[in-house]
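Since the structure comes first, as structure tokens, the remarks are kept for the end.
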Amino acid sequence: MKTTVCTACVYPDTKAIWPALDSCKKHGVTLHPYGIGGRAKGYVDIKVARLLRFLESVKTSHILYFDGTDILWVHGLKEIEASYRHISKTQRRSVVIGSEWKLYPFRWRPAFFKQRAAEAGGHPPFIYPCPGII
């Protein structure tokens, strides 16, 4: 398995993602930040349009995308790839998304998300794809 690890970095430089860079380096992970020096036009521009442009140049079989401003790596890529292989094999899925149960902004706006859940048929609060720690 060959994996490209990437994150958005629409800042003048990589200072805003230094914790991610440091923890990646500690675990031997090569991080590919995209968008450095650019100006963000909004969420969709950063998380979708720029990511799609970046992915056009990627030649690996797998992509690991994460939020570079608030994520720390506590394992190396080999361990993460092993977990991915296990999950994708046992669950028969090729896309694996990490999540947290009461992730931001739920804990700061519980009434809003409970109402949205009720509108969606009474499902529990939205589960956002953000593992927090890799």
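Say R0 is 30 Å: what FRET efficiency, to the nearest 0.05, do Ala82 and Asp22 get from their beta-carbon distance? Taking R0 as 30 Å, the efficiency between Ala82 and Asp22 is 0.80.
Across all directions, the shadow cast by the convex hull of the stretch 4-59 built on its C-alpha atoms averages 3.9 square nanometres.
Compared with the alpha-carbon gap, the fully stretched path from Lys41 to Val74 is longer by 8.7 nm at 0.36 nm per residue.
FYI, it's all coordinate maths here, none of it is from the lab. Computed from a prediction, not measured in an experiment: that's the story for all the values here. Glycine gets a Cβ as well: all are built from the backbone with ideal geometry, and neighbour counts include every protein chain shown.
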